[in-house]
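Working notes, structure below.
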Protein chains: 2
Amino acid sequence: MLTEPTAALIIIGNEILSGRTRDANIQFLASGLGLLGIPLREVRVVPDIEEEIISALNILRNKFTYVFTTGGIGPTHDDITADSVAKAFGVTLKRHQPSVDKMERYYGDSLNAARLKMAHLPDGAEPIETRATSAPGFKIENVYVMAGVPSIAQAMFDEIAPSLTHGAPVLSRFVEAHLGEGDIADDLTAIQNEYPHVDVGSYPFFRSKRVGLSVVAKSTNQNDIDAVIKKTVAAIQRLGHTACVDQEVDD
Amino acid sequence: MLTEPTAALIIIGNEILSGRTRDANIQFLASGLGLLGIPLREVRVVPDIEEEIISALNILRNKFTYVFTTGGIGPTHDDITADSVAKAFGVTLKRHQPSVDKMERYYGDSLNAARLKMAHLPDGAEPIETRATSAPGFKIENVYVMAGVPSIAQAMFDEIAPSLTHGAPVLSRFVEAHLGEGDIADDLTAIQNEYPHVDVGSYPFFRSKRVGLSVVAKSTNQNDIDAVIKKTVAAIQRLGHTACVDQEVDD
């Protein structure tokens, strides 16, 4: 088996760490990468502090195929991502003329020094341009720097996605039932051991005031997933419960 | 100034990294800790892999006053948090009899070996008990291990909170206006430089199809915050815009 591509995400943002803003970027990026067969393996939320950003970047870009960052690429004093990325790579920031031109057309007389900061990219970086904004994200080696605003981050990821090395898509099915995790734990252990290449996850829930369980099977092999689902359904039925496959049990 | 307490959060969960589940624990924990004057300084989302959990634990528990974890303390094969925490501290898991007794009362004949796994805590750990569940979280040294289900995690945090060493509460005010970040960037830089102990954050938004900006001032000193807000309002007004203090500009 070839080594599959992997990814990490660094969320740069005091607003997430203070609780002011609820993160809205992990989930779309995790799902989008999963569809491309590039599993997201780690997420870090770090503050707007240069050494914290540089440290996370240098650890993760050496550990994973791709590193994505969100946040901190605007025009204000707390936007220090481009500078931190440049330092992590040991390069300087350089004025990116096509981005300056684009911003001149967009901003006209409102294009001031603060906004021009957004057209300065680490030397060697390529811009990530979108219709969502005139200021670019950028790519340098295996690091992709995106905006923090979710709609812009998503537009940038859509631009990036076709250029990434895809792995085998991670497929997924699930079974739900109104039983406790503890009732079926031994069966799930046996099923997981029989199919070590399927990721068998067990997630309890409380919905409509009833306890229930989702068993999720993930793998790049559809036959293995189907086998895990079939055995899980059989185990649920042996326990005297109704199994709902690929749909919520309360629907 | 005394060193203020700090915190990190480790979210243990393949379901967050796959995009299946949207995280619901960062925000309440960040807000709750902020009110206690214990700023959340870093969050990591790691997969259900023992060495990843141990590595994150050992780095963060040496770096921050408190480390909280969510997820992976249930009865199934993918619940490996207690075991990983024990290994990080170089101790073994030990049957915690009061938790066994509590689970016996709750589960009766349904108390099987899988469920009893939840009553095994790292040697030296103290249980975190709640009314939300008979299975405990636990505390060992400066690490607090909580459930992943948000309602149970919150109940556990409510139990923990009174025992934490509080810092000076982080206070916060904000100003909003319909202007672009770039218009006011220079003013904000000057204000931030004048009040280095206030965290002045600038957050653009798109609401009701209009561009706008929230400027958030955070500090333990109310007078400094008020001064930053006053100067920001003046800057917004000089730019010919209306400033809304402590309320959304679109309301």
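The values are calculated or read from the model by the stated rules, or taken from the named source; none is laboratory data. It should be emphasised that the depicted structure is a prediction, and the values quoted were computed from it without experimental measurement. Quick reminder, even Gly has a Cβ in these numbers, built from the backbone with ideal geometry, and neighbours come from all protein chains shown.
Looking at A:Tyr66, is it surrounded by fewer than 16 Cβ atoms within 10 Å (Cβ to Cβ) and of a type in the set (Phe, Trp, Tyr)?
no
Assess whether B:Val233 counts as being buried (at least 16 other Cβ atoms within 10 Å of the Cβ), in contact (Cβ under 8 Å) with a residue 12 or more places away in the chain, more than 23 Å from A:Arg22 (Cβ to Cβ) and of a type in the set (Val, Ile, Thr).
Numbers: buried (at least 16 other Cβ atoms within 10 Å of the Cβ): yes; in contact (Cβ under 8 Å) with a residue 12 or more places away in the chain: yes; more than 23 Å from A:Arg22 (Cβ to Cβ): yes; of a type in the set (Val, Ile, Thr): yes.
Spelling it out, B:Val233 is indeed buried (at least 16 other Cβ atoms within 10 Å of the Cβ), in contact (Cβ under 8 Å) with a residue 12 or more places away in the chain, more than 23 Å from A:Arg22 (Cβ to Cβ) and of a type in the set (Val, Ile, Thr).
Which members of the stretch A:1-27 meet the condition of being farther than 16 Å from A:Pro47 by Cβ, assigned to a helix (DSSP H, G or I) and in contact with a strand residue (DSSP E or B) (Cβ under 7 Å, 6 or more places away or on another chain)?
A:Ile26 - this is the single residue of the stretch A:1-27 that is farther than 16 Å from A:Pro47 by Cβ, assigned to a helix (DSSP H, G or I) and in contact with a strand residue (DSSP E or B) (Cβ under 7 Å, 6 or more places away or on another chain).
I'd like the full set of residues that are of a type in the set (Lys, Arg) and touching a residue at least 60 places away in the same chain (Cβ under 8 Å), limited to the stretch B:124-177. Walk me through it before giving the result.
Here is the first cut: in the stretch B:124-177, the residues of a type in the set (Lys, Arg) are B:131, B:139, B:173.
Scanning the stretch B:124-177 gives a single hit, B:Arg173.
Among the residues of the stretch A:207-214, is any away from chain B (no Cβ under 13 Å), in contact (Cβ under 8 Å) with a residue 40 or more places away in the chain, within 17 Å of A:Val170 (Cβ to Cβ) and not in a helix (DSSP H, G or I)? Write out each step before concluding.
So in the stretch A:207-214, the residues away from chain B (no Cβ under 13 Å) come out as A:208, A:210.
Filter once more, keeping what is in contact (Cβ under 8 Å) with a residue 40 or more places away in the chain: A:208, A:210.
Filter once more, so that each one left must be within 17 Å of A:Val170 (Cβ to Cβ): none.
The answer is no; no qualifying residue exists.
Within the stretch A:25-35, can you find the residues that are over 22 Å from A:Ala88 (Cβ atoms) and either within 7 Å of chain B (Cβ to nearest Cβ) or modelled with pLDDT of 95 or more (or both)? Full working, then the answer.
Residues of the stretch A:25-35 over 22 Å from A:Ala88 (Cβ atoms): A:27-28, A:30-32, A:34-35.
Answer for the stretch A:25-35, where residues must be over 22 Å from A:Ala88 (Cβ atoms) and either within 7 Å of chain B (Cβ to nearest Cβ) or modelled with pLDDT of 95 or more (or both): A:Gln27, A:Phe28, A:Ala30, A:Ser31, A:Gly32, A:Gly34.
For the stretch B:62-75, enumerate the residues that are part of a loop (DSSP other than H, G, I, E, B) and either of a type in the set (Gly, Ala, Ser) or within 13 Å of chain A (Cβ to nearest Cβ) (or both). I'd like the intermediate steps shown before the answer.
Taking the stretch B:62-75 and keeping what is part of a loop (DSSP other than H, G, I, E, B), we get B:64-65, B:71-75.
Within the stretch B:62-75, B:Phe64, B:Gly71, B:Gly72, B:Ile73, B:Gly74, B:Pro75 meet the criteria.
Spot the failing condition for B:Gly32; the list is (1) touching a Phe, Trp or Tyr at 6+ places or on another chain (Cβ under 8 Å); (2) in contact (Cβ under 8 Å) with a residue 40 or more places away in the chain; (3) among the small types (Gly, Ala, Ser); (4) more than 21 Å from B:Ile140 (Cβ to Cβ), and only one is missed.
Unmet for B:Gly32, out of (1) touching a Phe, Trp or Tyr at 6+ places or on another chain (Cβ under 8 Å); (2) in contact (Cβ under 8 Å) with a residue 40 or more places away in the chain; (3) among the small types (Gly, Ala, Ser); (4) more than 21 Å from B:Ile140 (Cβ to Cβ): (4).
Among the listed residues A:Ile38, A:Ile59, which satisfies the condition of being within 13 Å of another protein chain (Cβ to nearest Cβ), within 30 Å of A:Ser219 (Cβ to Cβ) and in a helix (DSSP H, G or I)? Outline the logic, then answer.
Details: A:Ile38 fails: in a helix (DSSP H, G or I).
Step by step, each of A:Ile38, A:Ile59 is checked, and only A:Ile59 is within 13 Å of another protein chain (Cβ to nearest Cβ), within 30 Å of A:Ser219 (Cβ to Cβ) and in a helix (DSSP H, G or I).
Looking at the stretch A:173-200, which of its residues are assigned to a strand (DSSP E or B), within 28 Å of the chain's Cα centre (by Cα) and away from chain B (no Cβ under 12 Å)? Give the derivation first.
Narrowing the stretch A:173-200 to residues assigned to a strand (DSSP E or B): A:173-177, A:199-200.
Add one more test, that the residue is within 28 Å of the chain's Cα centre (by Cα), and what stays is A:173-176, A:199-200.
Across the stretch A:173-200, the qualifying residues are A:Val175, A:Glu176.
I'd like the residue in the stretch A:135-154 that is surrounded by fewer than 20 Cβ atoms within 10 Å (Cβ to Cβ) and closer than 30 Å to A:Gly108 by Cβ and, out of all such residues, is farthest from the chain's Cα centre (by Cα).
Going residue by residue through the stretch A:135-154, those that are surrounded by fewer than 20 Cβ atoms within 10 Å (Cβ to Cβ) are A:141-142, A:150-151, A:154.
Those left that are additionally closer than 30 Å to A:Gly108 by Cβ: A:150-151, A:154.
Working: A:Pro150: 12, A:Ser151: 14, A:Gln154: 11 Å.
Per the stated criteria, the residue is A:Ser151.
Any residue at all in the stretch B:234-243 that is at the interface with chain A (Cβ under 9 Å from one of its Cβ atoms), in contact with a strand residue (DSSP E or B) (Cβ under 8 Å, 6 or more places away or on another chain) and β-branched (Val, Ile, Thr)? Before the answer, list the steps.
Within the stretch B:234-243, the first condition is being at the interface with chain A (Cβ under 9 Å from one of its Cβ atoms), and the residues that meet it are none.
Checked against the condition, which is being at the interface with chain A (Cβ under 9 Å from one of its Cβ atoms), in contact with a strand residue (DSSP E or B) (Cβ under 8 Å, 6 or more places away or on another chain) and β-branched (Val, Ile, Thr), the stretch B:234-243 yields no hits at all.
Name the residues in the stretch B:48-106 that are aromatic (Phe, Trp, Tyr) and under 23 Å from B:Asn25 (Cα atoms), would you? Before the answer, list the steps.
Here is the first cut: in the stretch B:48-106, the ones aromatic (Phe, Trp, Tyr) are B:64, B:66, B:68, B:89, B:106.
B:Phe64, B:Tyr66, B:Phe68, listed by residue number.
Can you say whether B:Ala217 is part of a strand (DSSP E or B) and of a type in the set (A, V, I, L, M, F, W, C), as far as the supplied structure shows?
Working: part of a strand (DSSP E or B): yes; of a type in the set (A, V, I, L, M, F, W, C): yes.
So B:Ala217 fits the description; yes.
Name, by its number, the condition in (1) in contact with a strand residue (DSSP E or B) (Cβ under 8 Å, 6 or more places away or on another chain); (2) at pLDDT 95 or above; (3) among the polar types (S, T, N, Q) that does not hold for A:Ser219.
Condition (2) is where A:Ser219 drops out.
Identify, by number, the condition in (1) touching a Leu at 6+ places or on another chain (Cβ under 9 Å); (2) within 27 Å of A:Ala147 (Cβ to Cβ) that B:Ala243 doesn't meet.
Just one mismatch for B:Ala243, condition (1).
Looking only at residues that are modelled with pLDDT under 95 and under 20 Å from B:Ser151 (Cβ atoms) in the stretch B:6-21, which one is surrounded by the fewest Cβ atoms within 10 Å (Cβ to Cβ)?
B:Arg20
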